[in-house]
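What follows is a single structure, written as structure tokens, with notes after it.
The values are calculated or read from the model by the stated rules, or taken from the named source; none is laboratory data. It should be emphasised that the depicted structure is a prediction, and the values quoted were computed from it without experimental measurement. Positions of Cβ are generated from backbone atoms using ideal geometry, with glycine treated the same way; all protein chains shown enter the neighbour counts. Protein only, heavy atoms only, side chains kept; ligands, DNA and RNA dropped before computing areas. Shrake-Rupley method; radii C 1.70, N 1.55, O 1.52, S 1.80 Å.
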Amino acid sequence: MAIEIPKNLSELPTRQTRFVGRGIRRVEDAALLTGRVEFVDDVVLPRMLHCAILRSPFAHARITRVDTSAAEALEGVVAVVTGEDAKRWSFPAQSSPDGWGIHCIAGEKVHYVGEPVAAVAASNRRVAEDAAELIEVDYEPLDVVADPFVAMQSDSPRVLDDQDSNVMMDRIFTWGDVDGAFAAAPHVFNEKFRWNRLGANPTETFGCISEWDPMELNLTIHGSIQSPGMFGLGRAASFGLPSNKVNIISHPHGGSFGGKGGTRGCDISCLLSRKAGGRPVKWIEDRGEYLLSGGSQAWDRHYDVSLAVDADGVVTGLKVGLVDDLGATGEAYGAISAAKPLAAFTGPYTIPVAQYDLKLVATHKLPCGPYRGMGPPPHFFVLEQMMDIAARALGEDPAEFRRKNFIAPDAFPYTIPSGNEYDSGNYPEVLDQALALADYPALRAAQAEARAEGRLVGIGVASAIEPGVFDWNAYAIVGMPGTGVPEGATVSIDIVGMATVRVGFSLEGQGQYTLVSQLVADYFGYEPESVRVVHVDTQSAPPSFGPGGSRLGVAITGAVLGACERIREKMCRVVAVLMQTEPENIELMDGKFCLKGAPGAEMTVAEVAGTMLGRSDLLPPDIDPRPEATHVWTAPGRTPADEEGRAKSYLTAAQAVHVVQVEIDRDTGMVEIQRYCLADDCGTRLNPDTVEGQTEGSVVQGIGAALLEEYVYDADAQPLCTSFMDYLMPTVFDVPEIEKVAVVTPSPFTPLGAKGCGEGAIHTTPAAIMCAINDALSPLGTSAREVPAAPARLWKLIREANGGG
């Protein structure tokens, strides 16, 4: 029977929602704040060993000898593995695009600095580290390529010997008559941009404990794992195991932002466990390993962008050329970040035609992985600057130039040229709210006064889309198959009426367990504290992807409400028999099943559950006595991608406008953010406090991207940022007060009208700050097109503009 999931708050079985749509104290915080949550490094298993990994100091070299004898002889060492073991017992990593994966330990060659060449399992980490230092490896250095443009040349050193070139993908996607639009446009603007490598830096690095059962050929992995189901499938593929022989137990983890891939280290610990006769092996990535060779880096991009504008200032076409340096392999799925912009390619604008010239290139750097936003933040960084370039050239205010190009509120659902459908929005209202919050006219007036004094003060206005609730079809162009991403939940009510919800993802910090408690509490008339949320392993959980792609808030709402609906239907049938009527005469309201038209004829949810479990003799024969149901939700209406990558992929399209004021110090190039105002619309806010936290955190990460964060490599592909002395992240001193206002345009397609909001402001913040910086620089006739806009870069631009060398 089809389940109808409520699409707005008024459809919940309560006269007034008490919890959903409101900020409440998070149910998970007490355990977190008192240190009672078990993180993976807290786990100690019987006979457990500890892993240390020896890594390559070269970006490209042939391995001529590996001698592990001294390490094996050290007291406390139980197992040592090398590339020979990896080749014998595992397969190359799966990758996107396909065919660009390698084994978890280097065999004949190393391909980037930090690639594992051997590993040790010992009685403790100290012994393992000492033993790793005793392993002797002889290298024959080879030519290195660190520049993607050099890597594309036919005579460049090959990163992977079995590939014909270093170009993983080279394809042009065209949506509409792009050439015609540019030929007809009286104004065409072109610019190049550079987005340097940055990435996730969660509080906790990756960790795992792997236990290989040599008799049953089972593999059990504990870990700080973001998407346990997908992680388990990957390990099954790596080791040639049936998927039901791999069990993933994900522990609460201190953030992720996409940076908890950890597949290489996990696979190495699996190999060590196998060689150690099945003893569990723990590997906890240290911060140096994470920065050097973990899931820490993303988005190494070179853009060439053109914008066509008609005589009325309406944008008629967009061309984006992207050379994306993915590093040595495709195993970290960095290519997905180049595909995701198709979900919002033309931003919030009515640009009718577009083209994407995409080149994915391999170099001798760490493979790129996911990061919060998964690709669109750099895309909007260039699109919004192009909108400013056009507005400035045409003498138009940047806010009003955007307004005239916005998608109109009555045009939704709206299909963009790259194929995705935006669900709803009121972009002019969001702009109005942001401008009013900032007092935009006063900002401009104050800017004019500052400029008269010779100060470099700039104001940036930027708008972006946050695609929410991802689907695999969004990544079809880089070889990801499938349509539909399931998220399941099991809701159970015990004999005394207490509710437990079982989910397939662990705590990660975004308050999802609180949301689950809010939903069940409002649906069945409970208090949130009465609802227990339990994470179960992959062999016990319903189908689940977990956090990622700004989807879990919407998806788990669909799963939980679907399960609640199934329980309601079953209980209505039970109550109907007890009250000698038909099920359609029974309704659930405010935690009670009532007979319509008969005040006082009612049973509480606890009474019905008690009857089902304690008096099964009263139940109709076709009703099982379990007040429990599982529901698996997937986004409706998704379509397979066509040959040009067009598909209904991301279900929701949240939108935001940010207004930023900055001042640049002429003598140092330092940027001070003086005002930060934003308005956003993510549909129904299921928990406004959570949304606010997500927004503020993503603004901070966007500030880091715009001003501070960069993984630097030299010409030999040697990483120069391997500690927080070199890799700079924003602190409280870099972040201004963030002024916020909310606009609510519910989605017509989602449970309760919510939209994905987990990745949030990072889509807009780098663009807004760079627009403000370039507005500040405009009197000098210069502009910054590279992030981070570090003081040295801006100082150089200012000096050159002033006639300096």
Selection over the range 27-56 where residues are modelled with pLDDT under 95, aliphatic (A, V, I, L, M) and open to solvent by 40 Å² or more (accessible area, probe 1.4 Å) yields a count of 4
Conditions (1) surrounded by fewer than 21 Cβ atoms within 10 Å (Cβ to Cβ); (2) of a type outside the set (Phe, Trp, Tyr); (3) within 17 Å of residue 681 (Cβ to Cβ); (4) touching a Ser or Thr at 6+ places or on another chain (Cβ under 7 Å) -> residue 791 fails only (3)
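Considering 401, 380, which residue is within 24 Å of the chain's Cα centre (by Cα) and open to solvent by less than 10 Å² (accessible area, probe 1.4 Å)?
Of 401, 380, the one residue that is within 24 Å of the chain's Cα centre (by Cα) and open to solvent by less than 10 Å² (accessible area, probe 1.4 Å) is 380.
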The number of residues in the range 341-358 that are farther than 26 Å from residue 410 by Cα and open to solvent by less than 10 Å² (accessible area, probe 1.4 Å) is 2
Test residue 786 against the criterion of being open to solvent by 40 Å² or more (accessible area, probe 1.4 Å), over 25 Å from the mean Cα position of the chain (by Cα) and among the charged types (D, E, K, R), and give yes or no. no
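One line per residue, one yes/no per condition, for (1) in contact with a helix residue (DSSP H, G or I) (Cβ under 9 Å, 6 or more places away or on another chain); (2) assigned to a loop (DSSP other than H, G, I, E, B):
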| position | (1), (2) |
| --- | --- |
| 698 | yes, no |
| 701 | yes, no |
| 709 | yes, yes |
| 715 | no, yes |
| 722 | yes, yes |
| 748 | no, yes |
| 752 | yes, no |
Flagged in the range 452-481 as closer than 30 Å to residue 664 by Cβ and either open to solvent by 10 Å² or more (accessible area, probe 1.4 Å) or among the hydroxyl-bearing types (Ser, Thr, Tyr) (or both), in numbering order, are 452, 453, 454, 455, 463, 466
Within the range 408-422, residues being in contact with a strand residue (DSSP E or B) (Cβ under 8 Å, 6 or more places away or on another chain), in a loop (DSSP other than H, G, I, E, B) and surrounded by fewer than 17 Cβ atoms within 10 Å (Cβ to Cβ) number 1
(1) more than 27 Å from the chain's Cα centre (by Cα); (2) over 27 Å from residue 377 (Cα atoms); (3) of a type in the set (Gly, Ala, Ser) all hold for residue 181 apart from (2)
Of the listed residues (537, 439, 494), the one being of a type outside the set (Ser, Thr, Tyr), open to solvent by 20 Å² or more (accessible area, probe 1.4 Å) and farther than 25 Å from residue 252 by Cβ is 439
Looking only at the range 761-776, decide whether some residue is without any contact (Cβ under 8 Å) to a residue 24 or more places away in the chain and either buried (at least 24 other Cβ atoms within 10 Å of the Cβ) or touching a helix residue (DSSP H, G or I) at 6+ places or on another chain (Cβ under 9 Å) (or both).
-> no
Selection from the range 289-327 of residues within 24 Å of residue 472 (Cα to Cα), open to solvent by less than 10 Å² (accessible area, probe 1.4 Å) and outside any strand (DSSP E or B) yields 296, 297, 299, 300
Those residues of the range 235-254 which are in contact with a helix residue (DSSP H, G or I) (Cβ under 9 Å, 6 or more places away or on another chain) and either closer than 24 Å to residue 759 by Cα or surrounded by 20 or more Cβ atoms within 10 Å (Cβ to Cβ) (or both) amount to 235, 238, 246, 248, 249, 250, 251, 252, 253
